[in-house]
Structures are given as C-alpha cells and as structure tokens.
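Beneath this line is the structure, given in structure tokens, with notes to follow.
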Amino acid sequence: MKGDFIMSETVQMKEQLLTLKAEALDVLEKVGTPKELDELRVKYSGKKSALTEILRGMGKLSAEERPVVGQVANEVREAIEEVINRKQEHFVREETNARLQAEKVDVTLPGRPMPQGGIHPLNKVIEELEDIFLGMGYRVAEGPQVETDYYNFEALNLPQNHPARDMQDSFYLTEDLLMRTQTSPIQIRAMEAAKGQAPLKVICPGAVYRRDDDDATHSFQFHQIEGLVIDKGIRMSDLKGTLLQFAREMFGEQTEIRLRPSFFPFTEPSVEVDVTFTKKNGERVWIEILGCGMVHPKVLEMGGFDPEVYSGFAFGMGVERIAILKYGIDDIRHFYSNDMRFLKQFSRI
Amino acid sequence: MKVSMDWLSQYVSLEGVQAEDLAERITRAGIEIDSVESRNAGITTVVVGYVKSKEKHPDADKLNVCIIDAGQGEDLQIVCGAKNVDAGQKVPVALVGAKLPGDLHIKKAKLRGVLSQGMICSAKELGINDKLLPKEQQEGILVLPEQTEIGMPIVDLLGLNDQILDFDLTPNRSDCLSMLGAAYEVGAILGRDVKLPEVQPVEGGDAASNHISVTIEATEACSHFSARYISGIKVGTSPLWLQNRLIAAGVRPINNVVDITNFVMLEYGQPLHAYDADKLNNGAIEVRMGREGEVLTTLDDQERKLDERMLVIASGGKAVGLAGVMGGADSEVSQGTVNILLESARFDGGTVRKTSRRLGLRSEASLRFEKEVDAAAVVPALNRAAELIVRYAHGMIHEGVVEQVVTEPQEQTLQLSLSKLNSYLGTELSLLEVKTIFARLQFPCGDVAHDLIEVRVPTRRGDITRDVDLIEEVARLYGYDNIPTTPIEGATTPGALTAPQRLRRTIRHLLVHGGYQEVISYSFTHPDKNKRFPQLRGTHHDVALAMPMSEERSVLRTGLVSQLLEIASYNRNRKQENLALFEIGMAFFSEEEKLTRQPHEIPLLGLLLTGRRQPAQWNTSAERVDFFDIKGALEGVFSYLGIQPQVTYKADQPEGYHPGRSASVYLNTGTQELRIGTIGQIHPDIQREVDLEDTYVAEIELAPLYEQVNGQITYHELPRYPSIQRDIAVVVDDAIPSGDLTASIRESAGELLESVHVFDVFKGERLGADKKSVAIALVYRHPEHTLTDEEVTAVHDGVLARLSEQFGAELRK
C-alpha cells in the first residue's frame, strides 16, 4: 500500500504540476496588461506561487522520485517563465510603440529661427570685388573722404577750369577742401606711400560724392572701386588681360569684354569697357561697366614715379552700377533708404 | 554735335558707307555716336505744288478750296484750313496715297461736301521741329520759295534724305565741334582724303582799315582778333540749302548774314559775329575787360550787368558784345543793315567760360571758345564767311583783313619712339603701320633717327601735347580690339588685407551671423541730428558743406546713432518693426571752428535694436529686446576679438540716452582706461519724436579696438583635476552694480577661482526695499591637485567676509 501511496503521491504531484502548467499557460496567454502580467508572475513564479507550494511538498518524496518530479517541475517553471518573458517583451514593445506614436511632431511646422542678418548689398559687391583682386595680388588702399583740391583734381591732371572742379558739381567745404568726387585720390596717396617702389598693385574702394539730384539712376553719395598697377613695362595689353580675368571671375567664364577709346584726364590712352551681359529675358548685350587707361605720365610724375622708367594702368567702376547689373535692381536710391524688405533680399549667398 | 551725313559728304567721300556702320566705326575709334536719326520722319509722296487759285469753301467759313498744280498732269482740288494759304504760293502737297510722320495716310476725302485730293502741309506736319524754323514759318502751311520747281519731291527740296549722327564729344575732342573736324576724324577712320572748302574772297573798294579798326587791350584774354568790312549788303532770307544745313545741325535760320556766320561756325568750329558797322563808333572795336556798373543788352533782349572779370567787345567806350558769348542788341544785324563788320577772333577759353557762367548764358559760340578754338582757323573762317555773304547777301568785301595778333598759332612737333609705342601698348606695329596711321590722321611725320619719328600735330588737335597722346591716336585707329590680351609680367605681389581691414570684415560677418543687418547711411545730415547725441571725443565742431543741397544734408555726421534711428524710423513706417541694424562707417569732426585742414575721420561701429527678438511663432513668444541684448552683441564682438577682459561698462547718462539704461564703454589699453563708446536705450522723448518703441543703440570707436587685438591664440592645457562649484546668494543694496561684486570676488578669491558669474538677480518685498538678491556661481580649481573641501572653504569664507565688509552683503541661506 505504501508503494501505491507513494506512487499516487508522485502521480498526484505530477498531475498537479501539469494542471498548474495548463492553467498558467492558459491564463498567461490571455493576459491583457503589464499589471496583470506582474500579478500573474507573482502567482505562478514568485516565492508564494502555486508552483513553489507544490515543490515544497517534494520533501516527502523518496530520493528516487524526487528527480523525476523535479524534472517535471523545472519543465513547468521554464514553460511558465518563457511565456511571462515573451509577454513582458510584448508589453515593452507595445509601450515603446505607443510612446513613439505619442511623440510624433508635425514636421511641416517651422523650426526655431537661427539668427540671420545680412551684409549690405554694396559691401557684398565690394567684398566680392576685393576678393577677386586680392587673389590677383592686389592690396586694398583707403583714403580720406574729405580731400584736398590737390589730391582730388590737380594731381589727377584735371585742369583748373575742368567742369568737375566747379562748385556746382562737387560738395566743397572750403575753397580747398571737398568731399572726394572719385576714389582716384586714394591712388595718388598710394603712389606717394610707395615712394617710387614698384610693383604697386592696389584697389581703392570707397564712398564718393557729387552734386546730383537724386533719382532712379543718380545718387549724390555713391561708391567706387578703382585699381592701379605700376611697374616697369606695364602694357595696355596687360590692362586688357587683367580686365578680362576680372570680368570672367565677376560675371562668369563666358564673359567677353570690349574696349572703346574714351577720355579721362588721368589716363592716356583712355578706355571704356563693355562686358557681355545676359539680361533677364536671355538677351546677350554689351553693357558699359568701367573706365580705365594707361596712367597719364603727369599723374605718374606727381605720384613720384618716373614716366620714362615706369608705366601703369588704372581702372575704376561704380559699385552701385555693378550691384544694379548683378542683381537687376531698378532704383539706386534703394541702397541708401535701407528698407529691410530690400536689404533682406541679399541675406544669402 | 549733330553731323549731317549729307553735309559731311561735302568734305569727305562717304560713298558706300552706311550711316549705322559709320556710327559704329566712329564709336569704336573714340567718339561715341549717341544716335543715328533719319531727317525724314516718314514722308512719302509729298511734292511741291503751285496754288493756282483759292476760293472760300461754300459751306465752311474757315476752309478754302484750292486748285493746285502739283505736276501730276491734272490739277488737284484740295481743301485747306490754313489762314496763310494763298494763290501764287509754292507749297508742299501730300498727294493721295502719301504718308506723313505719325503714320498719317492721305486719302481722297470730302470735306463738308467738297472733294479734296490731298493735303497742303505745314512744316510740323512734315516732321520738322518748329523751334528750328524761322518765325514766319512756325504757323500755317509751309510756304516755299517762288522759284521752287513744281512736282519736286519735298524730301529732296528740304534735304530730308539725310541722316544725322549725334557726336557725344569728350572734353578733349572739341575739334569735332565742326564739320571739318568731323571730316578729319571720319577721313582718318575710312582712310579717305578731306576736301576743304575753296575760299577765295574777292575784294573790292577801298581798304577795310579806312572803315574799321581793332584794338586788343585785354591781351591775356584775346590772342587774335580779325575783322573784315563788307559794304552794301542786303539782309534777307537765306537760300533753302543753307537753311536746311542749319536745321539739320539744330540751328534756327534767322537771316542770310546771321545764317552764314552760323554756317561757317558749324563748318570750321570758329564762332563769328557780324556787327552793323554803322552802329559802331567809327567802326572801332576794342577788346577789353568789362567795367563795374557797365550794362549791355544782349541779342536775346536781356539786360546784362558786366564786371571786371568779363571780356567785352566795346566801341567808342560802350560795350557792344560779350566776347565769345553773345553780341549786343544795339549793333545787331537787322533788316536795314547795309554795312557790316565781320568778326573772327580767338578768345581765351577760361575767360569765356567764366563770363558765360557768371551770366548763366551759354551759346554755341561760348561752348566752342570754352574749349579753345583752332588758332589756324580764325582767318580762313573769316574769309569763308565773307565770301558767302557776298554771294548770298550781295555787298562788297573791302580790301584787307583788319586784325591784331597777340600770339601766332604754333604747330607742335613731337617725337615718338616706335619701341616705346609697342612696349606701351603690347603691340608689334611696324614703322610703316604707324606712319600710315598718322597719314590717315593728316599728321605730317618723318624719320629722325632709328626707331624715332617726328610728328607735326595740326593746331586743330590742341589735345595732343605728348608722345603718349600720339600713342593713343595710333591705338584707337589701330583698334583696341587688335591690341593683344596678356598677363602682367614681372614680379608677383601677394594680395592681402591690412589688419584693420581684416578685422572690419570679421566684425561685419560676426554681427551678420548674430542676426544683425548691415546698413549704409548718408554721410550728410542735419546739424540738429548731430547735436542730439554727444560726440565720442568730447565737443568738436561740425564739418559743414559750403553749398548744401538741403539743410537736411548740410553737415557731415559726427556719429552713426542719428542715422540708424532715421533708418529704423523709415522701416517702422513700413511695418518693419523688429530691427537689428549695424553700420560700420566714418564720423567726421574738426577742432577748428573754421576749417583749414582735413577734418578727423574716425571709423565707428553703430548698432541698433528695437522691437522683438523674433516674431511670435507657434513655439516661441515674441519677447521685447532689452539692454542686455545689445550688450550681448557688443560682448560677442569683444570676446571674438579677444579683448573682452579689457572692456568695462560704467553707468552713465549721456545726452539723448535713457539716464538709467546707458553706459560708457571703456577699454583698458594697458596704459589707460580709454572711453571707446556708448551703449544704452534712446531717451523716451527722442523715441517718441522719431516714432520708435524702446530702442537700444551702441556706438563704438573701432581704431582703439584694432590696436588691442592680438591674433595669436595660445593653447592652455586641459584641466586634469576636478573643479568645485559653490553657489552663493547675497542680499545687497540695489544700487550696487553686480559687476562690483564679481570684481571683488575675483580679487579676494585669488588664483583658485576659475570663473565667477551671476546666474540670478531678484528683488522682492521679503528682501526689503532697495535691496536685491544676487546669486553667483563660483568655480574653484587647482591646476596641480584635487581641491579638498577645507582648501575651498578657507578661500570661500574669505570671499564672503570680503563681500560682507565691502558691500554689507548678507548671505541668504
């Protein structure tokens, strides 16, 4: 009987375990929430679980029977834990998915703006011009905006009765002082500073002033940028070479230049230069952009260079004009009214 | 200068040359042709007709019915409304099918029941500018000379088969203010000869010197005065060809004598004047300076007040003309004039220019004299005009030219080296090529030595005085396009910005990245705007323009703030209210009340902030800018330049600023605390005046900054030992600047203190009135070992004791 009893104990425990397993797996498969799962974990695999209860009864079993029941018990535990872990993972994944879903943003809404200022279009053009010529070995020279008659006119070979020297056309402060009407006096100063040392290669940007009534194409204050090269053996063909290189860097590789004879008191020969320019409608036209020439021997002399030894060329252009061409601007006054709606258009490359 | 192709062809052959092509070639050789215009404004089938009869229209008072012989085989009946139409006239008739300017087509029509087979035309209807017509032809139909051939096309008669090239002359090319000058230029371009008018005045009667005399008193202002005496002339209308020439050139015909002087002026570039000799005092001419109080009524019937700086022509002590500008009304050639004194002279350009400027009177004559006339043309032009006057106005040229010559015309001879020419241009021209160009220019030249030629420059080309001028002549006729394109040879030079130029760019770009928009303002401003804010360098004098265009722009700016405010205000009026602006520009001032030397020009940086930091957005509120925004911008600049530790801010109340929200900015240069600028809010009164909300500005002198910048970066080893941070909150009097607290902490903490910064400031009732709590974070570190609590506490306690002692600071627990 004892053997029967013992047998039945073992059998009973095995059955209990299998029943427990069936019940646990059934319940666990149906678990709906992480909280339920936590409760079931306690119920089926915790220290106070039914499984633990059953295993506690193993003490009554004989040494032969114990491993048999133990093996079954382990299988049951593993089966239950496997389901619990699977369910656990499922809930974590579900929760993550829910959070990701909840964190969704409207990507079409604007971002927080990064501060965005802008360079004035005239300085933008001046910097671009400066950079081109810096790359060609020029230095940048500057000079006073209030000039003497000597630097503004006389040293540039403008005769006393030249119309530009009239009170009507320039802003005089005294008989001898005036707002410079061109950036050319900077060239004279650069020549003086060079003390006869060549080569001299400078560009001279700056504001200039002329008595003009403001309208769409005139402004009493505007900007020029001039260039000057002096050395032994500088030729007019070098001027052409320089201008072609400049024009292509500024207006594109396809640009061509055309030179027309002209007259400036400070150069001889004097030249006006046209470049090919493609208009908004695609038409390619010649547009005048600068004046230039070989430095007049009198100007060389006054700047301290012997015209029998040295020669040079000079060129000059209006910054506003270049900007107007480059950006297709219709009114020069925009540059000085500083309307943000105008300026902001240049806050980009 | 308007150059008629037809007229030009009298002096140089234009065979096979199209006007447009010629214009392009002239432009490419140095004289810009502004326009090419046909004189025929769109006329076809208009011919000369003879008005055989004129009768009143039966049904219209103002209309006439004319029978016209227009050489069409049958007479035409034309209804005409002009008052001046009359039988016996020769008139322009637009036949049926004719076209007139303005796209007008002439058709057969019935006017109030009467058939009209064409139209009798006025000059205006033919497209002729009526300002250029003699007065009698300005209204009504154009009445043609009696002897005009019937049926002749009107375009032939009026010389309308012609094209006008408008020469836009540079100041050096006044030689082309004449048809002959233009002919020399065109001849050189085309390589064709120039044919001068043949002038052989036939003299008769007694010596001119019996009738007229010439005395030059003002020898400085008149180098040559020549005159002829012509008697027995008959003033009348000029022949049509002459009128056509003048009209083509834009000059209004007046009478034969005046027209001829104008014609010759246009032909030779030498202005002439004819006086009614009987109105002069014994035909005596004096050339002298004007006298104070002297008056002269000029040809345009204006009374002119003369002075010692004006050159006048006088006779018997009385002014009869403004030399080179305009003749006097009294001695004018008029219908009754019989004897004339014809003047051809060379007046000094500068003197004529001054006279003309002083009187505000410019004429075709003054325009030419101002640029100096050709000395060699004075007498030929006189003879040419005399001959034409006799031909078209009868009369007799008396024997001899009466003249006084102060200086003889001199032809210049220049030497030109071929190798210099080629090295100057970068060309490889041969001697023959160069000589050929001078031959085309009609500059005689010959060899002097190897490589050297001698060129004689005609007096008409007064602009050529040096060898480089000759080089230019060669270059422009050789063609600038034919000059090669070469790179510069010789030593290369490194291109670089100077340190200040580089720093200026750095500051510009830094501010742009910080959200500031650069502006460029005018250098001229209103004196009151200069006074609004104190000058950075104490009180100096404004620099004023002698003749400003308006008071608004009458002095040079002494700072940038006023200009920035103006720009901000301009934008606010256009609904651009959130502004962050900067300008880098010059301020001008002088120590001298009366300027005798160049004023100071100092570079400034100006900043302006107003409105909101950024517009409201779905995730950002629109916060107003405040003092610390603009201060932050300055700190950013100083920090980037590496001079932030040298800069201090001291509360200040500069004029024009909010007294509680502004400061002076100081730079420690090592030798001194230099005031370099101002920062603060604009005074609310001014804000209201310029219609701005709270606006913050800063103005900084840049030169002292540039001097302090040291671009050398030296690496510091990264800390190996941890730091210890201690935060404190102290309660002090509200008036104590937090900067004083941190300065005190730095001083008392010594070398262990790595950094100190204020992280909170607040006021509240709990603290008591006029008190504030300042929370400060102190970071301590030792470079060689890990600090112990005891080490820090020792220093930190010292800091607290010092704060308590110095500022009465209480530690908040």
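Since every read-out is calculated from the coordinates, none of them should be taken as a lab result. This one's a predicted model, so the numbers in the text were calculated from it and none came from an experiment. Cβ: placed from backbone, ideal geometry, glycine included. Neighbour counts: every protein chain shown.
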Counted charge near B:TYR696, where neighbours are those whose Cβ lies closer than 9 Å (Asp, Glu -1; Lys, Arg +1)
-1
Sorted from largest down, what three extents in whole angstroms do the Cα atoms of the range A:2-102 have along their principal axes?
65, 18, 18
Counting only Cα, what are the radius of gyration and maximum Cα-Cα distance Dmax of the protein assembly as shown, in Å?
46.8, 185
What span do the alpha-carbon atoms of the range B:113-227 cover on each of the three principal axes, reported in whole Å from largest to smallest?
73, 44, 28
Among the Cα-Cα pairs of chain B, the proportion with separation greater than 40 Å, in percent, is 63
Near B:LYS420, which lysines are there with a Cα under 19 Å away, not counting those fewer than 8 places off in the same chain?
A:LYS232, A:LYS240, A:LYS298, B:LYS435
Where does the range B:117-178 land on the Kirkwood hydrodynamic radius, alpha-carbon pairs, in angstrom?
14.5
Expressed in µm² per second, the diffusion coefficient of the range B:385-511 from the Stokes-Einstein equation, with Rh the Kirkwood radius over alpha carbon pairs, at 20 °C and 1.002 mPa s, is 109
For the pairs B:LYS52/B:LYS99; B:LYS279/B:LYS305; B:LYS107/B:LYS135, note any where the Cα-Cα span goes beyond 26 Å.
B:LYS107/B:LYS135
Determine the calculated [θ] at 222 nm for chain B from helices alone, applying -39500 (n - 2.57) to every DSSP H run no shorter than 4 residues and normalising by the residue count; nearest 500 deg cm²/dmol.
-7500 deg cm²/dmol
Regarding the range B:244-323, what are the three Cα extents along the principal axes, ordered largest first, in Å?
42, 25, 23
Whole-Hz ³J(HN,Hα) for each residue in the range A:89-106, computed from phi via Karplus 6.51 cos²θ - 1.76 cosθ + 1.60 with θ = phi - 60°, x for glycine and proline: what do you get?
4, 4, 5, 4, 4, 4, 5, 4, 4, 5, 5, 4, 4, 5, 7, 4, 10, 8
As I understand it, the dipole of the range B:646-795 uses +1 on the Cβ of Lys and Arg and -1 on the Cβ of Asp and Glu, about the Cα centre. Which of B:TYR706, B:GLN653, B:ALA794 lies farthest toward its positive end?
B:ALA794
Please report, in whole Å³, the volume per residue of the convex hull around the C-alpha atoms of the range B:8-141.
157
Reachable aspartates and glutamates from A:LYS344, Cα under 12 Å, same-chain residues fewer than 8 places away excluded?
B:GLU518
Give, rounded to the nearest 20 debye, the magnitude of the charge dipole that chain B has about its Cα centre when Lys and Arg contribute +1 at Cβ and Asp and Glu contribute -1 at Cβ.
1600
Counted neighbours (other Cβ, 10 Å), sorted fewest up, put A:LYS87, B:LYS110 in the order B:LYS110, A:LYS87
Placed amide H near B:GLY204: partners under 5 Å, 5+ positions off or other chain:
B:ILE397, B:HIS398, B:GLU399
Where does the range B:521-582 land on Rg/Rh, using Cα atoms and the Kirkwood Rh?
1.02
Residues B:HIS513, B:HIS450, B:HIS211, sorted so that the one with the fewest Cβ neighbours within 10 Å comes first:
B:HIS450, B:HIS513, B:HIS211
Are there any GluC sites (Glu not before Pro) in the range B:1-93 that are in a DSSP loop and have at most 15 other Cβ atoms within 10 Å? List them by number.
B:GLU15, B:GLU74
Column: log10 I(q)/I(0), Debye, Cα scatterers of the range B:724-811, q = 0.12, 0.18, 0.21, 0.22 Å⁻¹
-0.35, -0.73, -0.95, -1.02
If you line up the long axis of helix B:349-359 against the longest principal axis of chain B, both from Cα atoms, how many degrees apart are they, to the nearest 10?
80
By per-residue mean of other Cβ atoms within 10 Å, what is the highest-first order of B:683-693, A:228-238, B:221-231?
B:221-231, A:228-238, B:683-693
Expressed in angstrom and rounded, the centroid-to-centroid distance over alpha carbons for the range A:216-232 and the range B:350-414 is 39
Quick one: Cα centre-to-centre distance for the range B:494-513 and the range B:782-812, in angstrom?
43
Karplus-derived HN-Hα couplings along the range A:24-36 (A = 6.51, B = -1.76, C = 1.60, θ = phi - 60°), whole Hz, x at Gly and Pro
4, 4, 4, 5, 5, 4, 8, 4, x, 9, x, 5, 4
Using Cα atoms only, what is the angle between the long axis of helix B:431-441 and the major principal axis of chain B, expressed in degrees (0 to 90) to the nearest 10?
60
With Cα coordinates, the longest principal axis of chain B makes an angle with the long axis of helix B:256-268, in degrees rounded to 10, of 50
State the Cα centre-to-centre distance between the range B:597-622 and the range A:39-72 in whole Å.
80
Per residue of A:142-152, other chain Cβ atoms within 10 Å number on average 3
Expressed in µm² per second, the diffusion coefficient of the range A:121-346 from the Stokes-Einstein equation, with Rh the Kirkwood radius over alpha carbon pairs, at 25 °C and 0.890 mPa s, is 135
Average projection area in nm² (convex hull over Cα atoms of the range B:499-708, one quarter of hull surface)
12.8
Could you give log10 I(q)/I(0) at q = 0.17, 0.18, 0.20 Å⁻¹ for the range A:140-270, computed by the Debye formula over C-alpha point scatterers of equal weight, without solvent?
-1.06, -1.16, -1.31
Pick out, from B:VAL401, A:ALA22, A:LEU244, the residue whose Cα sits farthest towards the positive end of the charge dipole of the protein assembly as shown, with +1 on the Cβ of Lys and Arg and -1 on the Cβ of Asp and Glu.
A:ALA22
Take the Cα atoms of the range B:413-482, build their convex hull, and give its volume per residue in Å³.
77
